[in-house]
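To start, the structure itself, in structure tokens.
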Amino acid sequence: MSWYHPSSILDKVFEGGIIVKGIDGALEFLGGLLLLFVSPASIHNFLVLITQRELLTDPHDKVANLLLNSTQHLGDSRTFIIVYLWIHAVIKLIAVIGILKNQLWAYPFSLITLGALMLYQVYSLVFVGPSVGMVILSIFDVFILWLILREYGIVRKNLKAAE
């Protein structure tokens, strides 16, 4: 077993994208922990505190209002969000570690699980309504899935050639 070693620019983009997915997975896990141990009201009050100055100068600030709106009804779906974040995190971290360790099973695992998780994103885009963040995330995920599929083909070809 050896660690993944990128050889081309596209391989380095792939490695960078996989590392971003790993960081995203770790942040999702930490976000779930935060929601588990900190009340939604405390999170909202903290965001009110840190956005207050910005909203005084620009009451229409999109980022500040998005943060506040996203935490306003957090308590209603807290358990769902925690479970969703942890499932996402575990799947991403298993996939990322497996790929970076050059484990052949990690490529189909990643394609299947990350593809399935994208179904929720598609559902959200179609039935909840598109948001700029969800569209960007979906485009990034499609690109990462394509890179995983490409890399899986290369790894399988190299294994067959080595036999």
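What follows is calculated from the coordinates using simple rules that are stated; it is not laboratory data. Please read all numbers here as calculations on a predicted model, not as lab measurements. Cβ: placed from backbone, ideal geometry, glycine included. Neighbour counts: every protein chain shown.
For a footprinting-style exposure proxy, rank Glu15, Glu28, Glu163 by other Cβ within 10 Å, fewest first.
Listing Glu15, Glu28, Glu163 from fewest to most nearby Cβ atoms yields Glu163, Glu15, Glu28.
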- Of (1) 64; (2) 51; (3) 60, the label for percent of Cα pairs over 19 Å apart derived from the coordinates: (1)
- Item | Calculated FRET efficiency for the pair Ser8/Arg53, C-beta based, R₀ 35 Å, to 0.05 | 0.15
- Note on the structure: Rounded to the nearest 10, the angle in degrees between the Cα long axis of helix 9-37 and the longest principal axis of the Cα atoms of the chain comes to 40 degrees
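Magnitude of the Cβ-charge dipole of the chain, K/R +1 and D/E -1, about the Cα centre, nearest 20 debye?
440 debye
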- Note on the structure: Mean separation of Cα contacts under 8 Å (at least 6 apart) over the residue count of the range 19-163, i.e. the relative contact order in percent, is 26 percent
- Message: I need Trp105, Trp86 ordered by Cβ neighbour count within 10 Å, fewest first.
- Response: Trp105, Trp86
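Once fully extended, how much extra length lies between Thr79 and Ser124, figured as 0.36 nm per residue of separation less the alpha-carbon to alpha-carbon distance?
Roughly 14.3 nm would be gained on extension.
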- Item | Helix 78-100 vs. the chain, principal-axis angle (Cα, 0 to 90°, nearest 10) | 30 degrees
- Message: Starting from 0.36 nm per residue, how many nanometres of slack lie between Ile112 and Ile97 once their C-alpha separation is accounted for?
- Response: 3.8 nm
- Message: For the chain, take the longest principal axis of its alpha carbons; what is the angle in degrees between that and the long axis of helix 106-123, to the nearest 10 within 0 to 90?
- Response: 30 degrees
- Message: Quick check on packing: order 119-129, 139-149, 40-50 by the mean number of other C-beta atoms within 10 Å, highest mean leading.
- Response: 139-149, 40-50, 119-129
- Cβ-placed point charges (K, R +1; D, E -1), dipole of the range 1-90 about Cα centre in debye, nearest 20: 100 debye
- Item | Label-to-label distance, nm, for residues given as Leu66 and Ile87 (7 Å Cα→Cβ offset) | 2.5 nm
